[in-house]
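Scroll down for the structure; my scribbles are underneath it.
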Amino acid sequence: MKNHISNTAALTFSLLSGLIFGLGLILAGMANPAKVLAFLDLAGLWDPSLGLVMGGAIGVAIIAFTIAKKRNLSYLGFSIQLPTNRIIDKRLVLGSLAFGIGWGLVGICPAPAFVLLGAGSTKGLIFVVAMVIGMGIYELLESYGKSSHK
Amino acid sequence: MLIDWNNFTPWTALAGGALIGAASALFILFNGRIAGITGILGGLLRPKLRDIGWRLAFILGLIAAPAVWLSFAALPDIQIEASDTLLAVAGLIVGIGTRYGSGCTSGHGVCGISRLSRRSIIATLAFMATGVLTVYVVRHLLGA
């Protein structure tokens, strides 16, 4: 069993997965923040398209995850790492509530942010840089929290 | 509720969604990993040498998508009305929030719901709720 996915085949599948994911976002309209906001705007002129994006994605992925749950190893021989945490805690709920506020402010979530970056959007770049800084702040708060509890 | 029939794109939405699902399927079945952008990116800030390559490769794939798309067709419209300041504030909130919540639209919304994970279903309902609420406050209460 290989825990580290680092050979050429694995890197190729990573690149391919990211690419297909990005093409899907573009085709679906998820790379256009105005369309995302139109989906979240229930009280305005509502564009339900993104509900179908989620439906289409889950419809395909649910088959793969049903298979993955029954296997220990991937088709390339790597261990299949499914999350084991089952606890619904404050971190999960408050973090997700906060994420939704940021998402609702501009209509950009993490994956489309990178597609916008690739499309040469300066606004996409600003969002990505701020998002990475935000994740860095999380890391700092986490390491501070751990060291102060010792 | 008023539906915007002129901008409703059911077929490209479904087909694009199916591609996103297929990418997530490839990733779990071949690499054994969840296609969650928050986790993939976040892991780069706590780098383990042998993990850096596949994480970067996935993100590179996302960044390359517009160029690959452009070699077949023109890119669809991208409209961002938010100011640079608002984008920076929103980016910060998204970065911190997704890491505390252990995922975003891809990891919880697509992969998590497909695994029938209760955590992910609750997370998705939570960020959908504040997403809708935020747009309501900004557009209809503040009138921006």
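The values are calculated or read from the model by the stated rules, or taken from the named source; none is laboratory data. These numbers come from a predicted model, not from an experiment. Quick reminder, even Gly has a Cβ in these numbers, built from the backbone with ideal geometry, and neighbours come from all protein chains shown.
On the given criteria, is A:LEU141 modelled with pLDDT under 95, hydrophobic (A, V, I, L, M, F, W, C), out of contact with any Leu (no Cβ under 6 Å at 6 or more places or on another chain) and outside the structural domain of A:VAL36 (by TED's automatic domain parsing)? Please lay out each step first, then the result.
Numbers: modelled with pLDDT under 95: yes; hydrophobic (A, V, I, L, M, F, W, C): yes; out of contact with any Leu (no Cβ under 6 Å at 6 or more places or on another chain): yes; outside the structural domain of A:VAL36 (by TED's automatic domain parsing): yes.
Considered against the rule, which asks whether it is modelled with pLDDT under 95, hydrophobic (A, V, I, L, M, F, W, C), out of contact with any Leu (no Cβ under 6 Å at 6 or more places or on another chain) and outside the structural domain of A:VAL36 (by TED's automatic domain parsing), A:LEU141 comes out as yes.
Taking the range B:1-36, which residues are in contact with a helix residue (DSSP H, G or I) (Cβ under 6 Å, 6 or more places away or on another chain) and among the β-branched types (Val, Ile, Thr)? Within the range B:1-36, B:THR9, B:THR12, B:ILE20, B:ILE28, B:ILE34 meet the criteria. Counting residues in the range B:41-58 that are farther than 12 Å from A:LEU25 by Cβ, modelled with pLDDT of 95 or more and not in a helix (DSSP H, G or I) gives zero.
Sort through A:LEU11, A:LEU23 and tell me the only one that's outside the structural domain of A:ILE108 (by TED's automatic domain parsing) and over 22 Å from B:GLY43 (Cα atoms). Even if it seems obvious, please write down each step before you answer.
Numbers: A:LEU11 fails: over 22 Å from B:GLY43 (Cα atoms).
Result: A:LEU23 is the single residue among A:LEU11, A:LEU23 that is outside the structural domain of A:ILE108 (by TED's automatic domain parsing) and over 22 Å from B:GLY43 (Cα atoms).
Which residue out of A:ALA34, A:ALA98, A:ALA38, A:ALA57 is in the same structural domain as A:SER121 (by TED's automatic domain parsing), within 29 Å of B:VAL135 (Cα to Cα) and not in a loop (DSSP other than H, G, I, E, B)?
Numbers: A:ALA34 fails: in the same structural domain as A:SER121 (by TED's automatic domain parsing); A:ALA38 fails: in the same structural domain as A:SER121 (by TED's automatic domain parsing); A:ALA57 fails: in the same structural domain as A:SER121 (by TED's automatic domain parsing).
The unique qualifying residue is A:ALA98.
Select, from A:GLY107, A:GLY120, the only residue that is closer than 24 Å to A:LEU50 by Cβ, more than 7 Å from chain B (Cβ to nearest Cβ) and buried (at least 23 other Cβ atoms within 10 Å of the Cβ).
A:GLY107
Tell me, please, whether a residue that is in contact (Cβ under 8 Å) with a residue 60 or more places away in the chain, part of a helix (DSSP H, G or I) and surrounded by 18 or more Cβ atoms within 10 Å (Cβ to Cβ) can be found in the range B:118-137. Scanning the range B:118-137, I find no residue that is in contact (Cβ under 8 Å) with a residue 60 or more places away in the chain, part of a helix (DSSP H, G or I) and surrounded by 18 or more Cβ atoms within 10 Å (Cβ to Cβ), so the answer is no. When B:THR98 is tested against the conditions (1) more than 7 Å from chain A (Cβ to nearest Cβ); (2) surrounded by 21 or more Cβ atoms within 10 Å (Cβ to Cβ); (3) on the phi < 0 side of the Ramachandran plot, the lone failure is (1).
Within the range A:43-50, can one find any residue that is touching a Ser or Thr at 6+ places or on another chain (Cβ under 9 Å), at pLDDT 95 or above and polar (S, T, N, Q)?
The initial filter retains those residues of the range A:43-50 that are touching a Ser or Thr at 6+ places or on another chain (Cβ under 9 Å), namely A:47, A:49.
Applying the additional criterion that residues be at pLDDT 95 or above yields A:47, A:49.
Still in the running and polar (S, T, N, Q): A:49.
Yes.
Looking across the range A:60-80 at every residue that is touching a helix residue (DSSP H, G or I) at 6+ places or on another chain (Cβ under 6 Å) and either among the small types (Gly, Ala, Ser) or part of a loop (DSSP other than H, G, I, E, B) (or both), the one that is surrounded by the most Cβ atoms within 10 Å (Cβ to Cβ) is identified as A:ALA61.
Residues in the range B:63-79 that are surrounded by 16 or more Cβ atoms within 10 Å (Cβ to Cβ) and in a helix (DSSP H, G or I) were compared, and the one that is farthest from the chain's Cα centre (by Cα) is B:TRP69.
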